[in-house]
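The values are calculated or read from the model by the stated rules, or taken from the named source; none is laboratory data. Quantities reported herein were computed from a predicted structural model and do not represent experimental measurements. When we count neighbours, we look across all protein chains shown, and the Cβ atoms used for this are built from the backbone with ideal geometry, even at glycine. The area values use the complete protein model at the heavy-atom level, side chains included, leaving out ligands, DNA and RNA. Shrake-Rupley method; radii C 1.70, N 1.55, O 1.52, S 1.80 Å.
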Amino acid sequence: MKSIDVKVSGDFHGIERFFATIKRSYVLNHLDKYGRMGVEALSAATPVDTGKTAASWDYEIKSTDGHVTISWTNSNNAGNTNIPVVMLLEYGHGTRNGGYIEGIDFVNPALRPIFDKMAGDAWEEVTKA
């Protein structure tokens, strides 16, 4: 496993400035790229019946209190409910006639390569000479 060792003396002004720079120059600029990659991967991995769920992926980037998050969302709901179809596909669901349809774990395998690329790219950026 790779690690970063940081030694600090005095105040944290320098490290705070460093992380602010990283946040502005790397994180915000690159998360859009990873968001698009995630949407493509999730769309390709989503089980297809009508194709509506696969076409309903999107992402959002939020920055609050010094934290930046990326979230992938799917806007396709089951019928006239607020139940996301992607949740039914991922975790399984009961049917009207009392049966059960087992879920298919497709979200995690689709996003794993994106997370690995994000981590690798971040490590490369931090260790640049």
Practice task
Quick one: which residue in Thr50, Thr21 is polar (S, T, N, Q), under 23 Å from Trp123 (Cβ atoms) and over 19 Å from the mean Cα position of the chain (by Cα)?
Solution key: Thr21
Fill in the blank from the handout: Of (1) part of a helix (DSSP H, G or I); (2) open to solvent by less than 50 Å² (accessible area, probe 1.4 Å); (3) modelled with pLDDT of 90 or more, Pro47 fails just (1)
Practice task
Report the residue count in region 88-126 for those that are touching a residue at least 12 places away in the same chain (Cβ under 8 Å) and either surrounded by fewer than 11 Cβ atoms within 10 Å (Cβ to Cβ) or of a type in the set (Asp, Glu) (or both).
Solution key: 4
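Going through region 54-83 one residue at a time, which ones are more than 27 Å from Val27 (Cβ to Cβ) and free of Cβ contacts under 8 Å to residues at least 24 places away in the same chain?
Step one: filter region 54-83 for residues more than 27 Å from Val27 (Cβ to Cβ), giving 54-55, 76-83.
Once the filter is applied, which keeps residues that are more than 27 Å from Val27 (Cβ to Cβ) and free of Cβ contacts under 8 Å to residues at least 24 places away in the same chain, region 54-83 yields Ala54, Ala55, Asn77, Ala78, Gly79, Asn80, Thr81, Asn82, Ile83.
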Exercise for the section: Please list, ordered by first then second residue, the pairs with beta carbon atoms under 9 Å, 6 or more apart or interchain, first in region 1-21 and closer than 25 Å to Ser63 by Cα and among the β-branched types (Val, Ile, Thr), second part of a loop (DSSP other than H, G, I, E, B) and modelled with pLDDT of 70 or more. Expected result: Ile4/Thr127
